[in-house]
């Protein structure tokens, strides 16, 4: 099963970084966020990627051409241009890099990938968001309902700390919790080829008419993910992800088991908080 990643947007809300490189190449812990996303999928055994390029797509092409060369020893035969790679370690991925146009909208980018997707189920996500979503669970859910599309839905993290009041007394404080109401599109889709029929052309955003029509036709299902999810639309969100990575407890680092340990820590923290609040109320 192939994983399609949309990596062609201009990242206009992150201009501090995207003036010189595309948003998927903005680094977290010294690696592009695109690399982090691909590591999540590869951890679950999905290592065939199709990346939809657009804005500064040549930057992404150069990265993957150089990815394994830079980290290993080389012999270069200048006369023939032949390059021989020695030893070292490199990711075992197959990456198709497809130019889908600078001005193409997200739906149009997906439509342009059709020749490379074939007639099989495929996965789709954006090149700017990470999560500890269980890809196996997501795929099993998709297989179980038989519809054309499954969207991973998440509850966003509140921007400010949450306060629970008992009159004028603060009975509970939680620093930036997940919001308790409402679900939003978290990406991490599983899709059948039939969804391409819902996209009419280059200027159609995937998030509007196609998804609206799929929902109206009863072909869009929600996989509810209550764990970690964070996009990187702004510099502030980049700093959030960078701080998590530096702390050694980045929840999306499932390939090293960090995510599982972080979830266990969060569960312990939450149960401790609940017990503390019960004591206060008692």
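The values are calculated or read from the model by the stated rules, or taken from the named source; none is laboratory data. Quick caveat, the model's predicted, so the values are computed rather than measured. Here the Cβ is made from the backbone with ideal geometry for all residues, glycine too, and neighbour counts use every protein chain on show.
In region 154-163, is there at least one residue being part of a strand (DSSP E or B), modelled with pLDDT under 95, within 20 Å of residue 40 (Cβ to Cβ) and out of contact with any helix residue (DSSP H, G or I) (no Cβ under 6 Å at 6 or more places or on another chain)? Lay out the reasoning, then the answer.
Initially, region 154-163 is screened for residues part of a strand (DSSP E or B), giving 154, 157, 162-163.
Narrowing the set further to residues that are modelled with pLDDT under 95 leaves 154, 157, 162-163.
Next, from what is left, pick out any that are within 20 Å of residue 40 (Cβ to Cβ): 154, 157.
Now narrow it down to the ones that are out of contact with any helix residue (DSSP H, G or I) (no Cβ under 6 Å at 6 or more places or on another chain): 154, 157.
Yes.
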Handout entry: Residue within region 114-123 that is without any contact (Cβ under 8 Å) to a residue 40 or more places away in the chain, more than 15 Å from the chain's Cα centre (by Cα) and closer than 24 Å to residue 94 by Cβ present
Key = yes
Handout entry: Complete set of residues in region 40-75 that are part of a loop (DSSP other than H, G, I, E, B), touching a strand residue (DSSP E or B) at 6+ places or on another chain (Cβ under 8 Å) and surrounded by fewer than 15 Cβ atoms within 10 Å (Cβ to Cβ)
Key = 72
Handout entry: Single condition residue 190 does not satisfy, out of (1) within 15 Å of the chain's Cα centre (by Cα); (2) surrounded by fewer than 21 Cβ atoms within 10 Å (Cβ to Cβ); (3) under 19 Å from residue 142 (Cβ atoms)
Key = (2)
Practice task
Return the total of residues in region 93-107 being closer than 30 Å to residue 226 by Cα and out of contact with any helix residue (DSSP H, G or I) (no Cβ under 7 Å at 6 or more places or on another chain).
Solution key: 2
Practice task
Kindly list the number of the only condition in (1) in contact with a helix residue (DSSP H, G or I) (Cβ under 8 Å, 6 or more places away or on another chain); (2) farther than 27 Å from residue 200 by Cβ; (3) in a helix (DSSP H, G or I) that fails for residue 90.
Solution key: (3)
Practice task
Scan region 9-27 residue by residue and report those that are farther than 19 Å from residue 207 by Cβ and out of contact with any strand residue (DSSP E or B) (no Cβ under 8 Å at 6 or more places or on another chain).
Solution key: 15, 16, 17, 18, 19, 20, 21, 27
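Considering only residues of region 23-39 that are free of Cβ contacts under 8 Å to residues at least 60 places away in the same chain and out of contact with any helix residue (DSSP H, G or I) (no Cβ under 6 Å at 6 or more places or on another chain), which is surrounded by the fewest Cβ atoms within 10 Å (Cβ to Cβ)? Break it down stepwise before answering.
Taking region 23-39 and keeping what is free of Cβ contacts under 8 Å to residues at least 60 places away in the same chain, we get 25, 27, 30-32, 35, 38.
With the extra rule that they be out of contact with any helix residue (DSSP H, G or I) (no Cβ under 6 Å at 6 or more places or on another chain), the set shrinks to 27, 30-31, 35, 38.
On the way: 27: 16, 30: 8, 31: 13, 35: 19, 38: 24.
Here the residue is 30.
Criterion first (closer than 22 Å to residue 44 by Cβ, touching a helix residue (DSSP H, G or I) at 6+ places or on another chain (Cβ under 9 Å), modelled with pLDDT of 80 or more and part of a helix (DSSP H, G or I)) does residue 241 satisfy it? Give the derivation first.
Numbers: closer than 22 Å to residue 44 by Cβ: yes; touching a helix residue (DSSP H, G or I) at 6+ places or on another chain (Cβ under 9 Å): yes; modelled with pLDDT of 80 or more: yes; part of a helix (DSSP H, G or I): yes.
The answer is yes for residue 241.
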Handout entry: Hey, residue 1 modelled with pLDDT under 95, in contact with a strand residue (DSSP E or B) (Cβ under 9 Å, 6 or more places away or on another chain) and closer than 30 Å to residue 140 by Cβ or not
Key = yes
